[in-house]
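All remarks here apply to the structure that follows.
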Amino acid sequence: MSAKSWRLAILGRALLSARTMKHLFSIGLLTIAASAQAATHYQVLTSAKRDTHAESWQLTSADLPGHRGDARWSINKRTLHGGKQEGVDLIEVDNGRLQFRVIPTRGMSVLDVKLGDVRLGWNSPVKEVVHPSYINLHDRGGLGWLDGFNEWLVRCGLSFAGHPGEDKFINNVGDEAVMDLTLHGKIGNIPASEVIVAVDREAPYRIRIRGRAHEVSFYGPNLEIWTEISTVPGSGAFRIRDVLTNNGTYDEEFQIIYHANFGRPLLGKGAKLLAASEKIVPFNANAAKAIGQQAVYAAPTKGFTEEVYKIYPKADSDGNATAVLVNPAGDRGVTVRWPVAQLPYLTQWKNTAAETTGYVTGIEPGTGFPHNRSYERKYGRVPKLGAGQSRTFELDFTILGNAGEVKAAAAAVKELQGDKGPEVQKAPEE
């Protein structure tokens with residue numbers, strides 16, 4: 001063999017080896033991807049990017065061969081019709097014990113949750129699941145958000161949350177200008193662009209409903225939130241886990257409040273909110289007058305004016321805060337647990353008005369309190385998210401179905417609080 005032939009042979013073997021390596025590497029990646037796919041069942045229900053949308057869809061535990069969970073669960077997606085709810089998407093999940101309903105059309109809000117005789121939700125005068133196209137956020141001085149307000153949990157944000165009013169911003173020519181902020185922001189009335197169902201094929205077989213919504217404007221914020229509500233078949237608990245990302249070029253202010261709302265059967269005369277805390281501050285002068293009864297709820301009262309309290313929660317050794325709502329009999333309740341580093345503040349909204357007006361309380365972990373953004377900024381409670389950065393928010397809810405579970409949850413809060421009670425301010429923040 002000539003020197004030239006020998007060099008060509010060596011080069012050929014090298015190229016073959018490189019191609020073989022690349023092929024093997026590709027097989028490895030495909031194997032990993034296939035393994036991940038096999039571990040979780042995925043279904044895309046809505047995708048703006050793919051221009052696809054399922055009007056109706058269903059999946060049950062019987063549809064997944066090899067799914068070994070004992071509970072028989074189901075997921076049903078349908079479209080509502082009639083009145084102002086025409087065209088609204090609804091996803092209903094039954095984990096075999098606990099049921100919840102998610103509204104992709106309304107920012108992935110959760111309409112209600114049920115377990116046995118306990119319902120997380122409330123009886124709003126707004127009976128239909130209102131399509132965002134019927135909401136004018138600027139109505140009634142910025143209170144138009146209330147025209148669709150009937151969910152158990154609605155996210156407030158993302159670029160602003162809280163009370164309506166003026167705030168400053170930088171306009172398209174770089175000048176400082178004034179804008180009118182509306183109640184609780186926009187995200188609760190933005191339909192999800194992507195909606196995905198994911199069911200783990202391996203224990204504990206968690207069921208996940210995911211949705212992505214965008215709050216974006218030219219010369220404005222470019223925020224994206226991936227929401228997720230999940231549960232394990234047969235359990236009485238569920239989890240919310242969201243990831244907020246700034247897709248813009250510059251640092252961006254953001255606010256998020258998890259506005260969870262509770263009416264009967266948990267709310268009633270003598271119901272209590274239990275939460276270990278460092279400090280409690282009345283929101284305004286009206287709340288200050290009732291600060292002595294902050295933790296206890298009254299019966300429905302015609303003409304009641306809402307009372308709001310700002311709570312600085314106390315974290316346990318793992319960095320988590322806990323709030324417990326207990327019914328008047330002390331045999332039913334719900335707990336919410338979350339990392340204080342993610343959501344450092346807790347708002348308690350007491351609206352024990354007449355039943356027809358809306359008898360409800362809000363237990364609302366957040367990045368701040370529901371003042372106007374200009375007010376919150378003054379107190380350092382408007383965080384910023386760097387370009388390309390993300391923040392995660394996690395909340396775990398457990399429904400308490402008997403007196404023993406309620407007693408244990410109350411004891412845990414009492415232990416965390418310790419012998420020293422919270423600082424209770426008699427007057428609003430100056």
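Can you tell me how many residues in region 108-153 are outside any helix (DSSP H, G or I), within 11 Å of ASN189 (Cα to Cα) and over 18 Å from the mean Cα position of the chain (by Cα)?
Going through region 108-153 one residue at a time, the tally reaches 5.
Is it fair to say ALA295 is closer than 18 Å to ALA427 by Cα and of a type in the set (A, V, I, L, M, F, W, C)?
Judged against the criteria, ALA295 is a match.
What are the pairs, 6+ residues apart or on separate chains, where a residue within region 210-223 that is closer than 15 Å to GLY388 by Cβ has its Cβ under 7 Å from a residue that is in a loop (DSSP other than H, G, I, E, B)?
PRO221/SER159; PRO221/GLY248; ASN222/ASN247; ASN222/GLY248; LEU223/SER159; LEU223/PHE254
Before we move on, is ALA354 surrounded by fewer than 15 Cβ atoms within 10 Å (Cβ to Cβ) and among the aliphatic types (A, V, I, L, M)?
yes
Grab the strands (runs of 3 or more DSSP E) fully contained in region 242-291, keeping just those with 3 or more residues being over 19 Å from ARG381 (Cβ atoms) and either touching a strand residue (DSSP E or B) at 6+ places or on another chain (Cβ under 6 Å) or aliphatic (A, V, I, L, M) (or both).
255-262, 272-275
Results for (1) within 30 Å of ALA354 (Cβ to Cβ); (2) surrounded by fewer than 20 Cβ atoms within 10 Å (Cβ to Cβ); (3) small (Gly, Ala, Ser), shown as yes or no for each residue.
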{"position": "ALA213", "(1), (2), (3)": "no, no, yes"}
{"position": "VAL232", "(1), (2), (3)": "no, no, no"}
{"position": "ALA237", "(1), (2), (3)": "no, yes, yes"}
{"position": "ASP251", "(1), (2), (3)": "no, yes, no"}
{"position": "ILE256", "(1), (2), (3)": "no, no, no"}
{"position": "ARG264", "(1), (2), (3)": "yes, yes, no"}
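Look through ASP242, ASP200 and report the one residue that is in contact with a His (Cβ under 9 Å, 6 or more places away or on another chain) and buried (at least 17 other Cβ atoms within 10 Å of the Cβ).
Within the list ASP242, ASP200, the selection yields ASP200.
Any residue at all in region 74-89 that is of a type in the set (A, V, I, L, M), surrounded by fewer than 18 Cβ atoms within 10 Å (Cβ to Cβ) and either at pLDDT below 95 or under 30 Å from VAL130 (Cβ atoms) (or both)?
yes
Scan region 84-105 for residues that are charged (D, E, K, R) and in contact with a Gly (Cβ under 6 Å, 6 or more places away or on another chain) and jot them down.
If the condition is that a residue be charged (D, E, K, R) and in contact with a Gly (Cβ under 6 Å, 6 or more places away or on another chain), then ARG97 is the only one that fits.
Give me the residue from region 108-155 that is small (Gly, Ala, Ser) and more than 23 Å from THR227 (Cβ to Cβ) and, out of that set, surrounded by the most Cβ atoms within 10 Å (Cβ to Cβ).
Among them, the one singled out is GLY142.
For region 295-305, state whether one or more residues are under 19 Å from GLU394 (Cβ atoms), assigned to a strand (DSSP E or B) and touching a strand residue (DSSP E or B) at 6+ places or on another chain (Cβ under 6 Å).
There is no residue in region 295-305 that is under 19 Å from GLU394 (Cβ atoms), assigned to a strand (DSSP E or B) and touching a strand residue (DSSP E or B) at 6+ places or on another chain (Cβ under 6 Å).
Somewhere in region 241-248, is a residue more than 23 Å from ASP331 (Cα to Cα) and without any contact (Cβ under 8 Å) to a residue 60 or more places away in the chain?
No, region 241-248 contains no residue that is more than 23 Å from ASP331 (Cα to Cα) and without any contact (Cβ under 8 Å) to a residue 60 or more places away in the chain.
Tell me which residues, restricted to region 378-430, are part of a strand (DSSP E or B), more than 30 Å from ASN246 (Cα to Cα) and under 26 Å from the mean Cα position of the chain (by Cα).
THR398, ILE399, LEU400
Of all residues in region 136-169, how many are farther than 18 Å from GLU306 by Cα, polar (S, T, N, Q) and in contact (Cβ under 8 Å) with a residue 24 or more places away in the chain?
1
Is it the case, given these coordinates, that VAL195 is buried (at least 19 other Cβ atoms within 10 Å of the Cβ) and within 18 Å of the chain's Cα centre (by Cα)?
Considered against the rule, which asks whether it is buried (at least 19 other Cβ atoms within 10 Å of the Cβ) and within 18 Å of the chain's Cα centre (by Cα), VAL195 comes out as yes.
Assigned to a strand (DSSP E or B), touching a strand residue (DSSP E or B) at 6+ places or on another chain (Cβ under 8 Å), in contact (Cβ under 8 Å) with a residue 24 or more places away in the chain and over 18 Å from ARG241 (Cα atoms): is that true of VAL336 in this structure?
No, not satisfied.
Exactly one of (1) touching a strand residue (DSSP E or B) at 6+ places or on another chain (Cβ under 8 Å); (2) farther than 16 Å from PRO428 by Cα; (3) surrounded by fewer than 22 Cβ atoms within 10 Å (Cβ to Cβ) is unmet by ASN372. Its number?
For ASN372, the exception is condition (2).
Looking at ASN172, ASN189, which is the one that is in contact (Cβ under 8 Å) with a residue 40 or more places away in the chain and more than 27 Å from VAL130 (Cα to Cα)?
ASN172
If we scan region 364-372, do we find a residue that is polar (S, T, N, Q), assigned to a loop (DSSP other than H, G, I, E, B) and touching a Leu at 6+ places or on another chain (Cβ under 7 Å)?
Yes; the residues of region 364-372 include at least one that is polar (S, T, N, Q), assigned to a loop (DSSP other than H, G, I, E, B) and touching a Leu at 6+ places or on another chain (Cβ under 7 Å).
The values are calculated or read from the model by the stated rules, or taken from the named source; none is laboratory data. Everything numeric in this text was worked out from a predicted model, so none of it was measured. A quick note on method: Cβ atoms are made from the backbone with ideal geometry, for glycine too, and the neighbour counts reach across all protein chains shown.
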